[in-house]
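Notes follow once the structure below has been shown.
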């Protein structure tokens with residue numbers, strides 16, 4: 001019997017944490033990945049900082065027809081509410097979630113927060129090289145998959 005949890009990662013369009021432009025979510029049940037979600041999101045006003053585009057490669061053209069976070073929340077919420085949720089650098093990702101929900105005037109769910117950055121003490125790219133985990137860094141789904149794999153390895157220690 002293995003662990004059940006959700007790994008998440010968000011990419012943002014600009015400096016405001018409520019500007020989520022991509023969600024990566026990996027649902028793990030009994031130690032096995034059972035669902036993944038890779039969703040582009042229309043950030044407020046579809047406004048981007050060039051610096052953020054350089055980091056993740058997502059542009060306003062790619063998200064101009066994407067749903068808003070408020071529109072995708074109903075799909076994400078069951079994997080977060082009441083669950084153990086893991087992120088790498090959770091301080092950023094959990095803040096993005098809370099600030100985005102506040103922006104859309106939606107209540108924040110209760111969930112247990114775990115952070116692989118705090119557990120391992122290293123950046124995601126270095127940890128993936130060290131543990132031979134495939135990573136397309138700053139793609140939200142790839143980052144969430146890597147986070148899930150790191151957390152599973154931690155639980156097996």
If you rank 152, 25 by fewest surrounding Cβ atoms within 10 Å, what's the result? 152, 25
Footprinting proxy, 65, 84: sorted fewest to most Cβ within 10 Å, the residues are 65, 84
DSSP-defined antiparallel bridges as percent of all bridges, the chain, nearest 5: 75
With just the Cα atoms defining each centre, how far is region 107-130 from region 14-56? Give it in Å. 15
What number, in percent, do you get for the relative contact order of region 5-155 if the mean sequence gap of Cα pairs under 8 Å and at least 6 apart is divided by its residue count? 30
Summing -39500 (n - 2.57) over every DSSP H run of at least 4 residues in the chain and dividing by its residue count gives a helix-only mean residue ellipticity at 222 nm, to the nearest 500 deg cm²/dmol, of -12000 deg cm²/dmol
Going by how many other beta carbons lie within 10 Å of each one, how would you line up 81, 88, 56, fewest first? 81, 56, 88
Quick one: if the Förster radius is 22 Å, what FRET efficiency do residue 62 and residue 137 give, using the C-beta to C-beta distance and rounding to 0.05? 0.80
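Throughout, read-outs are computed from the coordinates displayed, never taken from laboratory work. Because the structure is a prediction, the values reported are computed rather than measured. Using ideal geometry, Cβ is built from the backbone for each residue, glycine included, and neighbour counts are taken over all protein chains shown.
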